Amino acid sequence: MLLAKLREAWICFKAGRVTLRYPFAPHDPAPGFRGKIAVDADRCLGCGGCAQVCPAGVIVVRDADQLTRLLDFYWSRCTYCGRCEEVCPEGAIRMTPMYETATTRKQDMEIHLQVFMGPCQRCGRCFFPPTPLEKMRVAGFRTGTGARA
Amino acid sequence: MSGLEILGRLAVNVGLALLLAPLFEGVLRKLRALVHSRQGPPLTQPYLDLLKLLGKEDLWGARGAMAAIAPAMALGSALALAALVPMGGTPPLGGTGDVIVIIYVASLSAVFLMLAAFGSGSPYAFVGGSREMMLLLSVEPVMVVALIVAALKSGTLITGDIVGWYAARGPAISMVVAGVAFFLALQAQSGKLPFDIPEADQELMGGPLVEFSGPRLAMLRWALWVKQMVFAFLLVELFAPWPRLGLYPVDLALGLVKTLLVLVVVAVVDVVNPRLRVEQAMGYYLRIAFSAMAALAFAAVGM
Amino acid sequence: MSVSAQGTNDAAVRIKGLLKNRIGTALLGAEQPHADALRCLVDPAVVREAVAVLVLEGARFLITVGIDERPLGRGYAIVHLFSLDAEHLFVALHQAVDPAEARIAAITPVVPAAGWAEREFRDAIGVVPEGHPDPRRLMLPDDWPEGTYPLRRDVRYDFRPPSVPGMAPEPRPAPAGASVIPMGPFFPTLEEPAHWRLFVEGETIVGCDYRGFYNHRAIEKLGDSVLSYDKIPFVAERICGICGFIHSTCCCQALEKAAGIEAPARARFIRTVMLELERVHSHLLWLGIAGHIIGFETVLMQTWRIREPVMWLSEEISGNRKTYGMNCVGGVRRDITPELAGKMRDVLATVGREVAAVRKAIGTDTTLLARTRGVGVLTRDEAVRMAVVGPPARASGVAIDARVDHPYAAYAEIPPRLSVQQEGDVWARVVVRLDELADSLRIIGAALDQMPAGSLRAEITQEIPPDRIGISVVEAPRGEAVHYVQTGGDGRAYRWRVRAPTYPNLQAVPAMVTGGAIADVPITVGSLDPCFSCTERVEAIDVHGGGVRIYSHDELLAMWAARAGRGGSR
């Protein structure tokens, strides 16, 4: 019995102090950590793929008018699953390593995007944003003539 | 001793008990944290806890009048015990029947804790109070036997004289056995594992303390810390009074150091043990009480 | 594959034959939705006879699923799910109840383990189990009106009925001479609040009553209303914080079985690795909690210290310490690279060494053994009677384990070694879990060694057809979890039923605590490693008068207001 107690005491003393200094010193999570989302408005196509796959339904996509698509991310209910990042074709939505998300203002936990779109020539509804057009120009495509680079 | 000396020693005894007990508790907490592989609170944390509690609201529910004054009485009786215990010299309050008085005053603090529990109006406190009673009934005999042995061997009931006699004489088998028994009883008296049964928060939500808050809770906690320090001091003064140099301040300091050492051992035992059930604890202490009778036997034959 | 598919088929044929013999034309149909399941359509009038046939064959009750199939023209479906462990077969007895009657004979008198399951379908679907010995409400809130059954298709998932007071179920009365000690709703040892009423004489327990389910989150309702097949695994993962991966794997497997999708071999092995990793962390966590419950804080601190590197490892592999989010229907989302595998081996080798040291130290600790030996005994008969699963069952001599009885993921290639004890006390459960921990480390090592190359997900090229059944079980650290899925027609499930392992285990608690001391109740309940929903109620026991009064929410508020105003605080 005494031997058991000595063994236990030995395990404890051998370990020493293991607690981290956090929050008095920063602590970075592992790479690939699924933290708070960050949205890059310049890359966003407004496709709404993220909204469709989000299990918690925190992303709302709607058209304000013929030129403007609104994307609202109410990420206070985000479950940090990372499906939005997986699905986004442009890499516009990313999971950052940030995990210190406590705040006293609910507005801090919302991201609102306005994406300017082009209207479809036929039906007049929001079609696609200038971003792919820019990309095509950068890649050397000539728009409007049918020629390929 | 002159009246002034008595007052002075009284102030020292009560003051030390009141003011140093939280520091000793702080040391024990830090030791606990060390064994737990964590940083632990600063040594002054118990003082900060008391300060915090003293400033909080005193909420009460179905508490009775007895439970309302019990915390103060518990602290008071612990301090009264401090006045009876020799610290570095003769105790300030003493007379011809010291040992008997100590036996009674020693259980007073626990009795007030029980009264606080039974008057709380909570079923958890009730069970906690009854466990405190059962534990007290099993630990008392051990303490009594140890003190009787000391009185028997030294031939006097006056604690100051017992200390002086033992310091001069050197160790004796019966006294050593009695000292060991008293030390084992100390574990339960300090409310430390494996015997912190009454205050088992995992089973009883804090037991007797569950209905107290603010200043009253502070007094109950303080009473427990004073109790553990004073009992340890009694142990070292009666059963391990060496070295004794005859100089009051030096003997006092030595006594404090020895008390701290004893409490450290108590804390180490505390941290490597789970909690026992109350009937297991009672069985354990009854066995100790019977073994402590051996000390009486030794004393009777003069050893 | 070591599972004999032929043996399972033979068992299915045999069961069909036995049922036909017993109930004749009342057996309205039989089919095998997937290789290891037999589904029999039975006339509701003979449900007890049909169940009796299965019980005689040694079938173990899993769960009952209540489904509102009125939109499909099939009334209310009551499906009793059983498992023939030795033959690796699931048997689903499907009874279509006439909606006009909405009642069916209760099987609880024949199968005591079905107690809660039948009360639950009464609450959820509104079909009355006739002859049930304890027909009180199980999971609906205390102010939910009678007549509104949430899992019916015509009740919206976000419907909030008006609050109706006084619908709380009657608490069971204490036996004569016993007083009542409440444990809960908030209690320090129980991580989630629950309400136990202990009937005590002195310090000995003579009976107990349980009320739970107040934190019921209506996940199944979400599953058949707002979630698509892709989203269900993520919500499933959040059924439990400690064993979430088990639930997401189980529902993915159920959906895959229903749809006929086969996850690639690499995905199966990765799932195995993560499942066993979860078992490692869960058992270490439990060891700490068990120590904490008996007051041994040092065990808590040290075992959690040993566990922490496992959490960091999980974070590196999956992106989070818990809720790995790695499962999807058809496979897994993240890969285990060779570099990660190397790290895993190092971390787990250290964990193995440290756990062995702890085991050696506490194995001879007499104070610890005094609190755990002979405490909370569950006899083998009681364990079988209440269909207890997981370590509590194995500690009582019942050698069942979903990984062996219904192999999934890579367990057919890497069979686990079961640890079976006979004493059935708390210490036996500690031993079983420690053995399982060591075995998990072995399985992870073997899985990493044998990891096949290949894709991580199956290509799903077709829509999942409607009206298919999928049944899957996974051995969680706490026991066997069951997921039952019926596919719907619009990319959603028609019904998704989850049974967590603690569901049957909690029903066995009265048998375990009766005869013991109050001090032993927390560790007894804790030794089940419960992972359960909570309750919220306050019960006042008049210790002197012996009466019990339940206070409603409003009354409590009024009492508090009165006291606060009366100078109840300074």
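Values in this text are rule-based calculations from the coordinates and carry no lab data. Just so you know, these numbers come straight off a predicted model, no measurement behind them. Virtual Cβ from ideal backbone geometry, glycine too; neighbours counted across all protein chains shown.
Here are the numbers for this structure:
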read-out: Tilt relative to chain A, helix A:130-139 - C-alpha long axis, 0 to 90 degrees, to 10; value: 90 degrees
read-out: Estimated FRET transfer efficiency (C:Ala100, B:Lys52; beta-carbon r; R0 56 Å; 0.05); value: 0.30
read-out: Global size of the protein assembly as shown as Cα Rg and Dmax, reported in angstrom; value: 33.6, 121
read-out: Whole-Å distance, taken between Cα centres, linking segment B:76-95 and segment C:335-357; value: 59 Å
read-out: Shielding by partners, peptide C:177-183 (average Cβ within 10 angstrom, other chains); value: 2
read-out: Rg/Rg_globular for chain C, with Rg_globular taken as 2.2 N^0.38 Å and Rg from C-alpha atoms; value: 0.97
read-out: Nonlocal amide H pairs with C:His132, under 5 Å, H built at 1.01 Å; value: C:Ala106
read-out: Equivalent ellipsoid semi-axes, segment C:284-380, via Cα gyration tensor eigenvalues times 5, rooted, Å; value: 33, 17, 12
read-out: With Cα atoms, 0 to 90° folded angle of helix B:98-118 axis to chain B main axis; value: 10 degrees
read-out: Burial ordering of A:Trp75, A:Trp10, fewest other beta-carbon atoms within 10 Å first; value: A:Trp10, A:Trp75
read-out: Surface/4 of the Cα convex hull for segment B:121-177, nm²; value: 5.3 nm²
read-out: Protection proxy ranking of C:438-446, B:232-240 - average other beta-carbon atoms within 10 Å, highest first; value: B:232-240, C:438-446
read-out: From the C-alpha gyration tensor of segment C:209-255, square roots of 5λ in Å; value: 21, 14, 8
read-out: Coordinate range along principal axes, alpha carbons of segment B:92-219, Å, largest first; value: 51, 29, 21
read-out: J(HN,Hα) series, segment C:512-526, from Karplus relation 6.51 cos²θ - 1.76 cosθ + 1.60, nearest Hz, glycine and proline x; value: 7, 8, 4, x, x, 9, 4, 4, 8, 5, x, 6, 5, 4, x
read-out: Exposure proxy order (Cβ contacts within 10 Å, fewest to most) of C:Lys343, C:Lys257; value: C:Lys343, C:Lys257
read-out: Which of B:Met66, A:Met95, B:Met175 has the fewest Cβ neighbours within 10 Å, and the rest in rising order; value: B:Met66, A:Met95, B:Met175
read-out: Net +/- balance of residues flanking C:His247 in space, Cβ distance below 10 Å, scoring K and R +1, D and E -1; value: 0
read-out: Length released on extending from C:Asp143 to C:Val420, taking residue separation times 0.36 nm less the Cα-Cα span; value: 95.3 nm
read-out: Stokes-Einstein diffusion coefficient of segment C:219-527, Kirkwood radius over Cα pairs, 10 °C, 1.306 mPa s, in µm²/s; value: 80 µm²/s
read-out: Kirkwood Rh, Cα atoms: Rg over Rh of chain B; value: 0.96
read-out: Rg/Rh for segment B:1-125, where both radii come from Cα atoms and Rh is the Kirkwood radius; value: 1.04
read-out: Computed helical MRE - 222 nm, chain B, DSSP H runs ≥ 4 contributing -39500 (n - 2.57), nearest 500; value: -25000 deg cm²/dmol
read-out: FRET efficiency for B:Leu247 and C:Thr350, using Cβ-Cβ distance with R0 set to 56 Å, rounded to 0.05; value: 0.55
read-out: Helix B:123-154 vs. chain B, principal-axis angle (Cα, 0 to 90°, nearest 10); value: 10 degrees
read-out: Sequence ranges C:284-291, B:50-57, C:16-23, ranked by mean other-Cβ count within 10 angstrom, highest first; value: C:284-291, C:16-23, B:50-57
read-out: ³J(HN,Hα), Karplus 6.51/-1.76/1.60, whole Hz, each residue of segment C:376-386, x for Gly, Pro; value: x, 6, 10, 6, 4, 4, 5, 5, 6, 4, 8
read-out: Helix-derived mean residue ellipticity, 222 nm - over chain A, DSSP H n ≥ 4, -39500 (n - 2.57), to 500; value: -6500 deg cm²/dmol
read-out: Cα-derived Rg over Rh, computed across segment C:73-158 with Rh taken as Kirkwood radius; value: 1.00
read-out: Neighbouring partner chain Cβ atoms per residue of C:365-372, average, 10 Å criterion; value: 6
read-out: Shape category assigned to segment C:400-504 from the gyration tensor of Cα positions, a/c cut at 1.5; value: oblate
read-out: Surrounding net charge for C:Gly325, when Lys and Arg each add one and Asp and Glu each subtract one, Cβ distance under 9 Å; value: +3
read-out: Segment C:214-354: translational diffusion in µm²/s, Stokes-Einstein, Kirkwood Rh over Cα pairs, 25 °C, 0.890 mPa s; value: 151 µm²/s
read-out: Mean projected area (nm²) of the alpha-carbon convex hull when segment A:37-122 is viewed from all directions; value: 6.0 nm²
read-out: DSSP beta bridges in chain C [antiparallel fraction, %, rounded to 5]; value: 85 percent
read-out: log₁₀ of I(q)/I(0) at q = 0.09, 0.15, 0.19, 0.20 Å⁻¹ - segment C:5-170, Debye sum with one point per alpha carbon; value: -0.32, -0.82, -1.18, -1.27
read-out: Helix-only [θ]222 nm of chain C, DSSP H runs n ≥ 4, -39500 (n - 2.57) each, per residue, nearest 500; value: -12000 deg cm²/dmol
read-out: Environment charge at C:Asp467 (Cβ cut-off 11 Å; Lys +1, Arg +1, Asp -1, Glu -1); value: +2
read-out: Mean projection area, nm², convex hull over Cα of chain A; value: 15.8 nm²
